[in-house]
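In what follows, a structure is listed as structure tokens, so that the remarks can point back to it.
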Amino acid sequence: DVSSPKHGKVDPDNMPHVGGNTWAGGTGGRDTAGLGGKGGPYRLDAGHRVYQISQAEKDAVPEEVKRAAREMGEKAFKQRLKEIQMSEYDASTYERFSGAVRHQVQSLR
């Protein structure tokens, strides 16, 4: 079950973590920032293979947990913009231009 979103602990060795409710950047878990899980506040890629839980499990997350995760993600986004001295308008403008060439950049990489 999901309880409340959190960033999670950072693994100093950056080991892959699958499932659970502890590590930031893990996959397929719950409540923590990562990929492929449920109830986390935002996506966080630690560079490991992603294990995806089912959509049915994601849909079963209570609305209050989803709301808390969205609020925490929005707060982290605004904090990050502040750290890099970027406004929300700057971020949306960047996303508009970046999105237009995203496919081409990925092809070049």
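The values are calculated or read from the model by the stated rules, or taken from the named source; none is laboratory data. None of these values were measured; they are calculated from a predicted model. Using ideal geometry, Cβ is built from the backbone for each residue, glycine included, and neighbour counts are taken over all protein chains shown. Ligands, DNA and RNA are excluded from the accessible area calculation, which covers all protein heavy atoms including side chains. Shrake-Rupley method; radii C 1.70, N 1.55, O 1.52, S 1.80 Å.
Here's the picture: charge each Lys and Arg Cβ at +1 and each Asp and Glu Cβ at -1 in the chain, and of Ala100, Thr27, Gln52 the one pushed furthest to the positive end of that dipole is Ala100. For a straight C-alpha distance cut-off of 13 angstrom, the aspartates and glutamates reachable from Lys82 (same-chain residues fewer than eight places away being disregarded) are Glu74, Asp90. The listed peptides 69-76, 6-13, ordered by packing as a protection proxy, come out as 69-76, 6-13 (highest mean of other Cβ atoms within 10 Å first).
Around the Cα centre of the chain, unit charges on the Cβ atoms of Lys, Arg, Asp and Glu (plus for the first two, minus for the last two) sum to a dipole of about 200 debye. Taking every protein chain into account, the accessible area of the chain amounts to 72 square angstrom per residue (probe 1.4 Å).
Classify the chain as rounded, prolate or oblate from the Cα gyration tensor: take a ≥ b ≥ c as the square roots of its eigenvalues, call it rounded if a/c is under 1.5, otherwise prolate when a/b beats b/c and oblate if not. Verdict is prolate for the chain. Charge dipole (Cα centre; +1 on Lys/Arg Cβ, -1 on Asp/Glu Cβ; no other charges) of the range 52-109 amounts to roughly 240 debye. Rounded to the nearest percent, how much of the accessible area of the chain (1.4 Å probe, protein heavy atoms only) is carbon and sulfur? For the chain, the apolar C and S fraction of the accessible surface comes to 52 percent. Axis angle, to the nearest 10 degrees, between helix 88-108 and the longest C-alpha principal axis of the chain: 90 degrees. Hey, which lysines would be in cross-link range of Lys75, C-alpha to C-alpha under 20 Å, not counting anything within fewer than 8 residues on its own chain? Hits, sequence-local ones excluded: Lys6, Lys9, Lys38, Lys66.
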